[in-house]
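The structure appears right after this line, and notes come after that.
Coordinate-derived values only; no laboratory data. As the structure is a computational prediction, the values presented were derived from the model and not from experiment. Neighbour counts are summed over all protein chains in view; Cβ atoms, including those assigned to glycine, are modelled from backbone coordinates with ideal geometry.
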2 protein chains.
Amino acid sequence: MIDLLISKIEEKQNPTVVGLDPSLNFIPEFIKTEEFEKHGKTPKAVAEIFLRFNKEIIDQTYDLIPAVKPQIAMYEQFGHEGIRAYIETIKYAKSKGLFIIGDIKRGDIASTATAYSNGHIGEVNIEGESVKIYEEDAITISPYLGHDSVEPFIEDCKRYNRGLFILLKTSNTGSGEIQDLVVDGEKIYDKVGDLISKWGRELIGERGYSSIGAVVGATYPEQLKELRKKLKHVFFLVPGYGAQGGSAKDLKGAFDKNGLGAIINSSRGIIAAYKNQKCANRFTEKEFAKAARQAVIDMKADIQSVI
Amino acid sequence: MIDLLISKIEEKQNPTVVGLDPSLNFIPEFIKTEEFEKHGKTPKAVAEIFLRFNKEIIDQTYDLIPAVKPQIAMYEQFGHEGIRAYIETIKYAKSKGLFIIGDIKRGDIASTATAYSNGHIGEVNIEGESVKIYEEDAITISPYLGHDSVEPFIEDCKRYNRGLFILLKTSNTGSGEIQDLVVDGEKIYDKVGDLISKWGRELIGERGYSSIGAVVGATYPEQLKELRKKLKHVFFLVPGYGAQGGSAKDLKGAFDKNGLGAIINSSRGIIAAYKNQKCANRFTEKEFAKAARQAVIDMKADIQSVI
């Protein structure tokens with residue numbers, strides 16, 4: 001799968017992934033009012049609101065970006081209606097040629113991991129019929145339970161040409177509490193990095209990167225640079241740019257000498273751009289998706305300046 | 001919430017939690033045939049099959065057990081229809097007075113953790129209306145991202161009288177790869193145990209246990225015993241009994257001198273009991289739920305023998 005992602009990044013000349021993490025807090029009133037009138041203040045209304053919002057964002061950005069990353073929590077919190085909106089968002093984004101990274105961060109024992117893997121990147125078996133359910137191209141997962149919790153996903157990556165981004169050094173302030181602990185002179189995230197590198201060895205594509213990638217936050221630029229140098233075959237998904245505080249110069253270390261090796265996520269910074277002070281004078285609420293388009297263009301230029 | 005769980009354990013004189021992890025592999029043919037005829041080989045059929053199966057299991061066991069633990073992966077893999085079955089299973093189990101532990105093992109940065117927490121143990125806000133979605137009494141979560149990924153859940157535990165079981169020493173074979181690494185002479189799971197103990201200090205109930213508990217596998221009896229001694233206020237959710245290989249004598253160390261301090265999960269060992277060789281001669285397929293009842297009675301006696 002990694003070659004597919006890289007080809008899309010090169011085609012768009014843009015390593016930006018748009019985080020499709022909708023929130024009622026920043027979705028324009030005109031969308032909300034219409035759907036609440038139709039369905040009441042219900043999870044069903046929220047699902048319809050999220051779908052309309054996402055589709056407009058996708059319509060205005062799909063020609064500029066290689067990938068989108070819906071964060072499943074934003075949908076899951078609204079129950080089955082939310083999950084329906086998550087699945088339909090993926091379907092719509094795929095119809096526009098986008099690569100889908102499902103940000104699900106699952107991690108569980110092998111039999112449970114198999115169920116997650118079947119649903120998200122593989123197929124479920126319904127009495128002899130194979131059915132694809134979520135159809136993400138890649139998903140994020142947690143390594144905390146060790147190799148047997150990761151293997152079912154890796155097997156499905158091989159079988160269905162999918163990919164993983166495994167949590168390595170996350171972008172949040174508390175990420176160091178466990179990930180930075182030092183074992184035999186080496187930090188936990190270094191150990192996990194070695195495991196990820198090992199797990200991905202059989203899935204290295206034509207461009208030298210593996211379909212088993214890692215999540216490394218833009219908010220820790222030193223570690224990002226150090227890990228990039230060390231983990232030659234591991235592609236990085238980098239959250240933390242924009243709203244979480246990471247800037248373009250923090251991203252420099254994420255890329256190799258060819259400008260490859262990482263895809264940079266921004267969520268609120270793009271999809272809620274019309275609310276930013278910088279944009280607020282230029283775009284009306286109705287033009288929220290155009291504001292998102294401009295934010296993508298600005299972010300692309302910002303990142304290009306350091307690769 | 002911990003006092004509620006303890007009161008239910010004492011009322012039933014049974015620290016068993018039944019893992020409601022349905023699988024088409026072991027659900028009786030007569031249930032499957034009927035639903036596939038009505039709905040085709042679809043996720044909707046699977047959802048109806050899971051619901052019928054779960055309800056019969058609950059009907060035959062609710063008077064004997066304090067709690068059930070649905071594993072969300074088994075449902076989530078079938079998309080939004082699966083999640084609907086998960087939510088309706090919880091609703092039904094609650095109507096029978098059971099305590100619900102949602103086995104979701106989520107772990108993400110604070111803003112995302114807030115979304116998971118709102119949906120599962122708190123409330124989502126839909127344009128000023130507070131709506132409860134999943135309504136588990138407690139959930140499992142992962143500590144890998146550190147304190148800020150856990151805090152939103154703890155806040156909701158205080159606000160809504162809910163509880164957590166945080167992954168500490170999991171039951172799978174690979175659990176040692178990260179959890180057993182040694183830092184400054186102490187294992188990671190010891191460090192995590194100290195964090196869990198600290199996080200739970202404000203939520204200690206009348207019986208001396210906190211609503212912030214931990215997951216410790218029955219498959220590591222030595223560590224279970226050692227952690228029980230060390231973490232006086234931390235209630236344990238113990239998976240790994242039965243199908244995963246843990247036996248009653250492995251559980252002895254999980255309990256304090258009053259026979260409290262732990263709740264023991266069994267999933268397939270109970271809900272698929274009618275397929276076990278021991279039961280197969282005594283129960284027909286139609287009696288699968290009666291076989292589950294017998295398995296609960298046997299497990300209760302087995303555990304009582306060591307407390």
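From the backbone phi of region B:174-187, what are the Karplus-calculated ³J(HN,Hα) couplings (6.51 cos²θ - 1.76 cosθ + 1.60, θ = phi - 60°) in whole Hz, Gly and Pro given as x?
Per-residue couplings from phi come out as x, 4, x, 4, 10, 5, 9, 4, 9, 10, 6, x, 10, 6 Hz.
Work from the charge dipole of region A:2-304 (Cβ charges, +1 for Lys and Arg, -1 for Asp and Glu, about the Cα centre) and give the residue of A:Val46, A:Pro239, A:Val296 farthest towards its positive end.
A:Val296
Just to be sure I understand the model, the point goes 7 Å from the Cα along the line to the Cβ. What's the resulting B:Lys38 to B:Asp298 distance in nm?
Label-label distance for B:Lys38 and B:Asp298, simple model: 3.1 nm.
Put a point 7 Å out from Cα along the line to Cβ at A:Tyr160; what are the distances to that point in the other copies, in nm, shortest first?
3.0
Could you tell me which of the pairs A:Lys300/B:Lys132; A:Lys300/B:Lys158; A:Lys55/A:Lys300; A:Lys55/B:Lys96 are separated by over 31 angstrom between their Cα atoms in the structure shown?
Long pairs (Cα-Cα over 31 Å): A:Lys300/B:Lys132; A:Lys300/B:Lys158; A:Lys55/B:Lys96.
Calculate the spin-label point distance for A:Glu29 paired with A:Glu10, positioning each point 7 Å from the Cα along the beta-carbon direction, and give it in nanometres.
4.9 nm
What does the structure give for B:78-90 when I average, per residue, the other chain Cβ atoms found within 10 Å of the residue Cβ? It would help to have the intermediate numbers written out before the result.
Numbers: counts 7, 12, 13, 4, 6, 9, 5, 1, 3, 2, 1, 0, 0.
Mean number of neighbouring Cβ atoms from other chains: 5.
Rounded to two decimals, what is the ratio between the C-alpha radius of gyration of region B:191-307 and 2.2 N^0.38 Å?
Numbers: Rg = 16.2 Å, N = 117, 2.2 N^0.38 = 13.4 Å.
Against the compact-globule rule of thumb, the ratio is 1.20.
Hey, in the GNM for chain A with a 10 angstrom Cα cutoff, which one of A:Gly200, A:Gly102, A:Gly146 fluctuates hardest?
Answer for the Gaussian network model of chain A: A:Gly146.
For the protein assembly as shown, compute Rh as the Kirkwood radius over C-alpha pairs and then the Stokes-Einstein diffusion coefficient at 37 °C and 0.692 mPa s; write the answer in µm²/s, rounded to an integer.
On the way: Rh = 24.7 Å.
For these conditions, the coefficient is 133 µm²/s.
About the Cα centre, and with charges only on the beta carbon of Lys, Arg (+1) and Asp, Glu (-1), how big is the dipole of chain B? Nearest 20 debye, please.
On the way: 41 positive and 43 negative charges, 187 e Å.
Using only the charged Cβ atoms, the result is roughly 900 debye.
Once the other residues with Cβ under 10 Å from the Cβ of A:Ile104 are scored (Lys, Arg +1; Asp, Glu -1), what is the net sum?
-2
Can you list residues from other chains, or at least 5 along the same chain, whose modelled amide H is less than 5 Å from the amide H of A:Ile212?
A:Leu164
Using Cα-Cα distances under 8 Å and only pairs 6 or more residues apart, what relative contact order does chain B have, in percent?
On the way: 572 pairs, mean separation 55.3, N = 307.
RCO, chain B: 18 percent.
Among B:Leu260, B:Tyr209, B:Gly107, flag the residue with its Cα farthest along the positive direction of the charge dipole of region B:2-304, charges on Cβ as +1 for Lys/Arg and -1 for Asp/Glu.
B:Leu260
For region B:1-138, count all C-alpha to C-alpha pairs, find those more than 27 Å apart, and express that count as a whole percent of the total.
Working: 2446 of 9453 pairs.
Within region B:1-138, distances greater than 27 Å cover 26 percent of Cα pairs.
Filter the trypsin sites (Lys or Arg not before Pro) in region A:261-307 to those in DSSP coil with at most 15 other Cβ atoms within 10 Å of their Cβ, and list the result. Display every interim value, and only then the final one.
Numbers: sites: A:Arg268, A:Lys275, A:Lys278, A:Arg282, A:Lys286, A:Lys290, A:Arg293, A:Lys300; in loops: A:Arg282.
Hits after loop and neighbour filter: A:Arg282.
Once amide H atoms are built 1.01 Å from N in the peptide plane, which residues 5 or more positions from A:Val17, or in another chain, come under 5 Å H to H?
Distant-sequence amide H within range of A:Val17: A:Ile264, A:Asn265, A:Ser266.
Computed over the Cα atoms, what is the radius of gyration of chain B divided by 2.2 N^0.38 Å, N being its residue count?
For chain B, the normalised Cα radius of gyration is 0.98.
Compute the label-point distances linking B:Arg201 to its equivalents in the other copies; points lie 7 Å from Cα along Cα→Cβ; give nm, one decimal, shortest first.
Relative to the other copies, B:Arg201 has label-point distances of 4.6 nm.
Once phi is turned into θ = phi - 60°, what whole-Hz ³J(HN,Hα) does the Karplus curve with 6.51, -1.76 and 1.60 give for every residue of region B:74-86, x standing for Gly and Pro?
Whole-Hz 3J(HN,Hα) from phi for region B:74-86: 5, 8, 4, 4, 9, x, 5, 5, x, 5, 4, 5, 4.
Net charge within 10 Å of B:Tyr241 by Cβ-Cβ distance, Lys/Arg positive one each and Asp/Glu negative one each, not counting B:Tyr241 itself?
-2
What does the highest-first list of B:246-259, A:231-244 look like by mean Cβ count within 10 Å?
A:231-244, B:246-259
Say each of B:Asp194 and A:Lys91 gets a label point 7 Å from the Cα, pointing the same way as Cα to Cβ; how far apart are those two points in nm?
Modelled inter-label distance: 5.1 nm.
Of all chymotrypsin sites (Phe, Trp or Tyr not before Pro) in region A:1-75, which ones are in loop regions per DSSP and have a Cβ with at most 16 other Cβ atoms within 10 Å?
When the chymotrypsin sites (Phe, Trp or Tyr not before Pro) of region A:1-75 are filtered for loop state and at most 16 Cβ neighbours within 10 Å, A:Phe26 remain.
Can you compute 3J(HN,Hα) from phi for each residue in region A:107-120, using the Karplus curve 6.51 cos²θ - 1.76 cosθ + 1.60 with θ = phi - 60°, rounded to whole Hz and x for Gly and Pro?
Result, ordered by residue: x, 7, 5, 3, 5, 6, 4, 4, 5, 4, 5, 3, x, 8 Hz.
For region B:129-251, which semi-axes, largest first and in whole Å, follow from the square roots of 5 times the eigenvalues of its Cα gyration tensor?
25, 17, 14
Every other copy gets compared here: list the nm distances from the B:Asn25 label point (7 Å along Cα to Cβ) to its counterparts, shortest first, one decimal.
Listed shortest first, these distances are 4.2 nm.
Restricting things to Cα coordinates, could you compute the convex hull volume per residue of region A:17-62 in Å³?
70 Å³
For peptide B:144-154, what's the mean number of Cβ atoms from other chains within 10 Å of each residue's Cβ? Present the calculation step by step, with values, prior to reporting the outcome.
Details: counts 14, 13, 10, 5, 5, 7, 2, 1, 0, 0, 0.
The per-residue average across the peptide is 5.
Only bridges whose two residues both fall in region B:133-280 count here: according to DSSP, what percent of them are antiparallel, nearest 5?
Working: 3 of 18 bridges.
Taking every DSSP beta bridge within region B:133-280, about 15 percent pair in antiparallel fashion.
Rank-order A:129-140, B:107-118 by packing density, defined as the average count of other C-beta atoms within 10 Å over each peptide's residues, highest first.
Those peptides, ordered most packed to least, come out B:107-118, A:129-140.
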